[in-house]
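Down below is the structure, laid out as structure tokens.
FYI, it's all coordinate maths here, none of it is from the lab. Please read these numbers as outputs of a predicted model, since none were measured by experiment. Please note: Cβ atoms are built from the backbone with ideal geometry, for glycine as well, and neighbour counts cover all protein chains shown.
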Amino acid sequence: MIRNIGRVDRITADVRPENLESVVAALSFGLQTSFWGPCDLPGPGGRIAVSWDGGIELVAPAPGGSRHEALDRLGERWVGVKVGVRDLDATCERLARLGVEPTERWSLVTGSEPWCERFSRIDEASFDDEFFGGLPIVLCTVEERDAARAAAPGVANVDRIDHVTALVRPENLEALTATLSFALQTAFYGPFAQPDIGSRLSVSWDAGVELITPLDPEPDDRRLASLDAGGERWVSLIYGVRDLDATIERLRRLGHEPTMRFDGPAPFDPWHDRFQRFQEAGFRTALFGGLPIVFSTIQPHPPSGS
């Protein structure tokens with residue numbers, strides 16, 4: 001059964017080869033999830049470790065390539081997301097009729113990977129980043145052998161990726177929202193202002209994609225400096241947990257205090273009618289091997305009539 005159709009399946013981070021095992025250990029502990037690997041990466045080479053349940057992919061690029069050079073220049077960071085589609089061949093054919101051809105296609109089930117017993121198919125295709133407004137997105141069809149594993153989450157995305165956040169330039173937010181809405185065939189809330197955090201946002205809760213930009217930034221706004229240094233890019237993973245308070249208490253007992261906490265939804269949020277609970281908490285990136293991750297407990301209202 002195909003999983004995560006029309007929404008983010010995984011987020012990918014590039015990490016230094018010498019740090020891959022320690023980042024796997026940090027995320028396994030911090031998120032209480034298990035990883036497959038590290039193992040050799042088919043195709044371009046390097047090493048890979050994946051939490052298929054959590055929706056996190058860590059890649060240590062092979063030396064000499066452009067990804068390895070970017071890692072030396074920009075450091076360990078989130079570098080892309082993978083969005084699930086029902087049929088990758090049909091999607092590629094649809095895009096080809098629009099003049100958009102994949103730059104590369106590959107499979108992560110070739111017979112040698114440790115996850116072959118779990119998946120019957122993992123087909124992926126990359127496209128020119130400009131098709132997605134400059135943000136790196138790979139389309140994928142991931143088929144679980146066990147249909148129960150692929151079933152959509154119930155009240156929330158628990159113990160897995162809920163959504164991903166990209167930092168974009170203020171002048172590009174509306175165009176990028178329209179571009180991703182068309183490319184991913186999904187609807188967005190926004191753009192709209194959130195003055196309390198000094199930001200403008202667009203969010204597709206169905207796809208699991210959030211775009212954020214500074215609201216009326218001053219010239220010395222650190223987010224503008226970050227955009228100048230690193231460009232528009234994926235900057236954070238929001239990871240769903242069943243009970244945010246319990247997660248905070250678990251980490252507090254180990255000496256980790258949250259650096260931010262949000263409880264909503266607020267009455268002015270455009271998705272106020274969609275969610276009955278919307279809680280987030282951030283921690284220092286050291287807890288996650290240096291990668292920015294926010295915990296969330298996001299609970300939709302039950303369907304009408306239930």
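At R261 and L74, where each label point lies 7 Å from the Cα along Cα→Cβ, what is the point-to-point distance in nanometres?
Computed distance between label sites R261 and L74 equals 3.4 nm.
Enumerate by residue number the trypsin sites (Lys or Arg not before Pro) in the range 14-97 meeting two conditions: DSSP loop (anything except H, G, I, E, B), and at most 14 other Cβ atoms within 10 Å of the site's Cβ.
R86
Give me C92, C116, C140 sorted ascending by neighbouring Cβ count inside 10 Å, so fewest comes first.
On the way: C92 18, C116 14, C140 24.
Starting with the residue having the fewest Cβ neighbours, the order is C116, C92, C140.
Starting from the Cα of T285, step 7 Å along the direction of its Cβ; do the same at A148; then give the gap between the two resulting points in nm.
Taking the two extended label points, one gets 3.9 nm.
Under 15 Å from the Cβ of S28, count the other residues' Cβ atoms, weight Lys and Arg +1, Asp and Glu -1, and hand me the total. Please report the intermediate quantities before stating the final value.
Numbers: positive: R160, R250; negative: E21, D53, E57, D159.
It works out to a net charge of -2.
Over the Cα atoms of the range 115-252, what Rg and Dmax result, in angstrom?
17.4, 53
Fewest first, what order do V81, V235, V100, V203 take by the number of other Cβ atoms within 10 Å?
Final ranking by Cβ density, sparse to dense: V100, V235, V203, V81.
State the percent of C-alpha pairs, over all pairs in the range 233-306, separated by a distance greater than 15 angstrom. Let's see the in-between values first.
On the way: 1613 of 2701 pairs.
The calculated P(r) of the range 233-306 puts 60 percent of pairs beyond 15 Å.
Which value at 222 nm does the chain reach when only helices count, each DSSP H run of 4 or more adding -39,500 (n - 2.57), with the total divided by all residues and rounded to the nearest 500 deg cm²/dmol?
-6000 deg cm²/dmol
Taking the Cα of F268, stepping 7 Å toward and past its beta carbon, and measuring to each backbone N in the range 185-209: which are under 19 Å?
189-203
Pull out a ≥ b ≥ c, the square roots of the eigenvalues of the alpha-carbon gyration tensor of the range 154-211, then state rounded if a/c is under 1.5, prolate if not and a/b is larger than b/c, and oblate in the remaining case. If you can, show how the numbers build up before the last one.
Working: a/c = 2.20, a/b = 1.34, b/c = 1.65.
It comes out oblate by the Cα gyration axes.
Please report the antiparallel percentage of the DSSP beta bridges confined to the chain, to the nearest 5.
75 percent
Give me the percent relative contact order of the range 160-300, please, defined on Cα pairs under 8 angstrom at least 6 residues apart.
24 percent
Determine by what factor the alpha-carbon radius of gyration of the range 8-150 differs from 2.2 N^0.38 Å, reporting the quotient. Could you put the intermediate results ahead of the total?
On the way: Rg = 15.3 Å, N = 143, 2.2 N^0.38 = 14.5 Å.
So the range 8-150 has a normalised radius of gyration of 1.05.
Could you tell me which trypsin sites (Lys or Arg not before Pro) in the range 207-303 are loop residues by DSSP with no more than 12 other beta carbons within 10 angstrom of their beta carbon?
Listed in order of number, the matching sites are R242, R284.
Between S120 and E218, what length in nm is gained on full extension when 0.36 nm per residue of separation is reduced by their alpha carbon distance?
Gain on extension, S120 to E218, equals 30.2 nm.
Which of P265, P217, P17 moves the most in a Gaussian network model of the chain with Cα springs under 10 Å?
Top of the fluctuation ranking is P217.
Can you tell me which of A207, A25, A96 moves the most in a GNM of the chain? Springs connect C-alpha atoms under 10 Å apart.
Among A207, A25, A96, the largest mean-square fluctuation in the Gaussian network model of the chain belongs to A96.
In whole angstrom, how long is each semi-axis of the equivalent ellipsoid of the chain, when you take the square root of 5 times every eigenvalue of its Cα gyration tensor and sort them from largest down? Write out the running numbers ahead of the final one.
Numbers: eigenvalues 148, 108, 100 Å².
Sorted largest first and rounded, they come to 27, 23, 22 Å.
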